[in-house]
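Heads up: the structure comes next, in structure tokens.
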Amino acid sequence: MEGKEWFSTWFDSPYYHILYAQRDETEAASFIGSLQRNLHLEPGARVLDAACGKGRHAITLEQLGFAVDAFDLSPSNIEAAQAFENKNLLFFVHDLREPLPLQNHYDAIFNFFTSFGYFDDQQDNQKAFNTFAGGLKENGLLVLDFFNPIHVLANLVPTETVEREGITFQIKRWSEAGYLYKSIDFNDKGKSYSFVEKVELVAKNDFVSYAAQAGLTLVDLKGDYSLATFDEATSPRMIFTWAKNAN
């Protein structure tokens, strides 16, 4: 795997999905439904789920009545998601840093559940925002959901043991040089595995700056999945909504 970025190997691993299989689907569906009502998107609106994983949120968006495209960097994730395709739901492999095949096309683009901040080069963050902006129609909306770094660092759990499907995952967390790290070590079928997640602690003002440079204007910021008002000290999430500026 030498030379590959960590997320292109870990997210493509079956063990990633075993470890995170307990994520609350009900909460996610409730959040997306509340978000849709808050955004007032019309039925049939064209939306994009950027970095969609195996497509669980894209499927929810389609069930809410949208025409949904969704992409992920992981070929195996997209292969799994394509089993759910229909005339209003399309999945494809794509890198967030590259321009989208359809420009000025979407009424809204979603980047859910901390699917950002994985790059070593901060210029790649700007490339991602340029990708978002390029795909949006004029006045289209970008919704990006990321953890609140201030809250995460204040509540960091340094070590944890998690049991999933007979596998014991040993987890350690720490921050260093502007990044949050999580090491994941485990054994399965006589073989040892070790992965490290690395996510940039992107500050609120940095997000606002990337968006502004891409021609996006902040219109809302919520602090959790119930869409409560954002509080920098106590909110667990930063759920941004930007609008694409008129040319």
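The values are calculated or read from the model by the stated rules, or taken from the named source; none is laboratory data. Since the structure is predicted, the reported quantities are computational estimates derived from the model, not experimental observations. FYI the Cβ positions are ideal-geometry reconstructions off the backbone, even for glycines, and counts take in every protein chain you see. Heads up: the accessible areas ignore ligands, DNA and RNA and are worked out on the full protein's heavy atoms, side chains in. Shrake-Rupley method; radii C 1.70, N 1.55, O 1.52, S 1.80 Å.
Each stretch of four or more DSSP H residues adds -39500 (n - 2.57); spread over every residue of the chain, this sum gives -8000 deg cm²/dmol at 222 nm. With respect to the chain, whose longest principal axis is taken over its alpha-carbon atoms, helix 25-39 is tilted by about 20°. Rounded, prolate or oblate: which fits region 1-159, taking a ≥ b ≥ c as square roots of the Cα gyration tensor eigenvalues, rounded meaning a/c under 1.5, else prolate when a/b beats b/c? In terms of gyration-tensor shape, rounded. Working from label points 7 Å from Cα in the Cα-to-Cβ sense, the residue 168 to residue 17 distance is 2.6 nm. At a probe radius of 1.4 angstrom, the accessible area of the chain per residue rounds to 49 square angstrom. The length gained on full extension between residue 37 and residue 183, counted as 0.36 nm times the residue separation minus their Cα-Cα distance, comes to 48.8 nm. Our estimate of slack between residue 160 and residue 88, defined as 0.36 nm per intervening residue step minus the Cα-Cα distance, is 21.8 nm.
Estimate the FRET efficiency between residue 30 and residue 229 by the formula 1/(1 + (r/R0)^6), using the beta-carbon distance for r and 22 Å for R0, to the nearest 0.05.
0.75
For the residue pairs 137/198; 127/172; 182/204; 127/198; 54/204, the C-alpha atoms sit more than 24 angstrom apart in 137/198; 127/172; 54/204. Which residues does the label zone of residue 121 cover in region 205-226, counting backbone N under 12 Å from a point 7 Å along Cα→Cβ? In region 205-226, the label zone of residue 121 (backbone N under 12 Å from the point 7 Å along Cα→Cβ) covers no residue. Summary: within the chain, the longest segment free of GluC sites (Glu not before Pro) located in DSSP loops with at most 11 other C-beta atoms within 10 Å is 3-164.
How many percent of DSSP beta bridges within the chain run antiparallel, rounded to 5?
Taking every DSSP beta bridge with both residues in the chain, the antiparallel ones total about 70 percent.
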